[in-house]
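Visitor: Take this structure, written in structure tokens, and hold onto it; I'll ask about it next.
Any read-out appearing in this document is the output of simple, stated calculations on the displayed coordinates, not a laboratory observation. Every value quoted in this text rests on a predicted model; they were computed, and no experiment measured them. Backbone-built Cβ (ideal geometry, glycine too); neighbour counts: all protein chains shown.
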Amino acid sequence: MSESPGNDNRLDEANKPKEEALRLHPFYRGKMETVPKCVVRSLADFSIWYSPGVAAPCSEIARNPELVYEYTSKWNTVAVVSDGSRVLGLGNIGPKAGLPVMEGKALLYKYLGGVDSVPVMIDSEDPDEIIRTVLLLQPTYGGINLEDIAQPKCFRILETLRREAEIPVWHDDQQGTATVTLAGLVSALRYVGKRLEDVRIAFVGAGAASVAGARLIFGRGANPEIATVVDSKGILGRHRADIERQRNHFPEKWALCERTNAEGRTGEIEEALRGADVVISLATPGPGTIKPEWIRTMAKDPIVFACANPTPEIWPWEAKEAGAAVVATGRSDFPNQVNNSLCFPGIFRGALDVRATTITDQMCFEAADTLADYVADELGPERIIPTMDEWQVFPELAARTGMKAQEQGIARLTRSREQLYDQAEAMIRRSRSLTASMMDQGFIAAPPEAGSEAPPAAGPEARPEEE
């Protein structure tokens, strides 16, 4: 890579979020807090919200358990559950170190989807313990978001919970990343004028996100026989005896060996990219995982998704200089952010609002189409997917996925498209306005200037004076 001043400036900008995160996390000491949403006109109101009045709704729910959705916050509350065994690009850092990520997820749920969310870190890596814990938590929550759980156990955990839970369970690293990747791919192919069923796709990385992404993309019509998947030991295929020996432990990975790479290619990333129309990489973070010279061997108008977090496998400007027609990453500070944050708040908003029992692949297809359709009139090399700033896409996602759930017969409530859109729009607008109002009134303290000494925001100095 050239060491020009321009590249130095771009690297400085790329590293800035990490520096700000280390400065502001200890200032705010957490991203979410619990506040009342009912009136407290005087202490007498506690006789309504607590004893003795609360006994009445409790008795009603005991007679009809479905009333828990009407009388409590369950209808709009999601738990973000993780054991910290596969956090971002950091690996197995444990439940305590993973908590900042889950708090961030809860923030995105609230701000982008109007969904109340609570991080739940589990101090066990045993999949059976995680399954049991989630099932035991069901009475409190309207849905479960599994997050940052290592493979292969994440596949069994999700499959088991989707089968046994009475509320929707979603693994964002699988379904969320797969959905937004499919959306970006649909748009990028529209831009370069290629058809999904014709393109040769190279998947770099064989973790949960890649496996789920490949499954969803193949389910939508891509041809697995001309696709390749690369793990740390090379291209997958029937020749991979090491994976076949562990087929009972990694059934999803062996299934990819059987379905993909019909021509029997061997080698590593360089060979997988040769002649490929698309590379979708969710692999080792950091520039150098994918080299510019490998992109030059791809087909005409190649599409490059370098989506590792926190640092892409190749810098976007390097990929473009090597001839990429479209480049996407998982980061918000570059164009074309292919990140699950674009879909999970809206999808869960829709699932909660029709009281869906699960989230299906068809709902994911509908969400991917919604994201692709949103930018269809403005499609360009740096405009293949909406940004999180375009918050109106989230009520659109809620409405379309909610309607799909009803169409599939997995919804317990019936709502029109207009009702779903209007409710989602109102709740998301409320969340955004509430945050802005709290900032304006000083209940959320302004961050200190870089380099200044400031007490934590939770301290008394940050509180407005009481009247």
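Visitor: Along the Cα-to-Cβ line of residue 97, 7 Å from the Cα, sits a label point; which residues in segment 310-341 have backbone N less than 15 Å from it?
Guide: So the set is 310.
Visitor: Distance in nm between label sites at residue 197 and residue 9, each 7 Å beyond Cα in the beta-carbon direction?
Guide: 4.8 nm
Visitor: Separate question: Once amide H atoms are placed 1.01 Å from N in the peptide plane, what residues at a sequence separation of 5 or more from residue 276, or on another chain, have their amide H within under 5 Å of its amide H?
Guide: Placed amide hydrogens put 299 under 5 Å from residue 276.
Visitor: For the chain, go through all pairs of different Cα atoms, get the mean of 1/r, take its inverse, and jot down that Kirkwood value in Å.
Guide: Numbers: mean 1/r = 0.0424 Å⁻¹.
Computed over Cα pairs of the chain, the Kirkwood hydrodynamic radius comes out at 23.6 Å.
Visitor: Please list log₁₀ I(q)/I(0) at q = 0.25 Å⁻¹ for segment 341-440, using the Debye equation with identical point scatterers on the alpha-carbon positions.
Guide: Taking Cα atoms of segment 341-440 as identical point scatterers yields -1.23.
Visitor: Something else now. Enter the angle in degrees (range 0 to 90, nearest 10) between the Cα long axis of helix 94-113 and the first principal axis of the Cα atoms of the chain, meaning the one along which they spread out most.
Guide: The answer is roughly 80 degrees.
Visitor: Expressed in nm to one decimal, what extension gain is obtained for the pair residue 62 and residue 225 from 0.36 nm per residue of sequence separation less their Cα-Cα distance?
Guide: Between residue 62 and residue 225, full extension yields 53.3 nm more.
Visitor: With r defined as the distance between the Cβ atoms of residue 35 and residue 408 and R0 fixed at 45 Å, what FRET efficiency is calculated, to the nearest 0.05?
Guide: Working: r = 36 Å, r/R0 = 0.80.
Efficiency computed from Cβ-Cβ geometry: 0.80.
Visitor: Right, here's the next one. Which FRET efficiency value, to the nearest 0.05, is calculated for residue 446 and residue 332 with the Förster distance at 22 angstrom and r the Cβ-Cβ distance?
Guide: Numbers: r = 21 Å, r/R0 = 0.96.
Using R0 = 22 Å, I get an efficiency of 0.55.
Visitor: Continuing with this model, one more query. Using helices alone, I'd like the mean residue ellipticity at 222 nm for the chain: each DSSP H run of four-plus residues gives -39500 (n - 2.57), total over residue count, nearest 500.
Guide: Theoretical 222 nm ellipticity from helices: -13500 deg cm²/dmol.
Visitor: Please get the size of the charge dipole for the chain, origin at its Cα centre, with Cβ charges of +1 on Lys and Arg and -1 on Asp and Glu, quoted in debye to the nearest 20.
Guide: On the way: 51 positive and 67 negative charges, 223 e Å.
The calculation lands at about 1080 debye.
Visitor: Using θ = phi - 60° and the Karplus form 6.51 cos²θ - 1.76 cosθ + 1.60, what ³J(HN,Hα) does each residue of segment 339-355 get, whole Hz, x for Gly and Pro?
Guide: My calculation for segment 339-355 gives 9, 4, 4, 6, 10, 5, x, x, 5, 5, 4, x, 5, 5, 6, 10, 6 Hz in order.
Visitor: Taking only C-alpha pairs under 8 Å that are 6+ residues apart, what is the relative contact order of the chain in percent? Intermediate values should be presented prior to the final figure.
Guide: On the way: 834 pairs, mean separation 67.8, N = 467.
With pairs under 8 Å counted, the relative contact order is 15 percent.
Visitor: Compute the FRET efficiency between residue 24 and residue 387 as 1/(1 + (r/R0)^6), taking r as their Cβ-Cβ distance and R0 = 22 Å, and round to the nearest 0.05.
Guide: 0.50
Visitor: Oh, and also: What share of all Cα pairs of segment 146-247, in percent, falls into each consecutive 5 Å distance bin?
Guide: The distribution over segment 146-247 is 2, 11, 19, 22, 19, 15, 9, 4, 0, given as percents.
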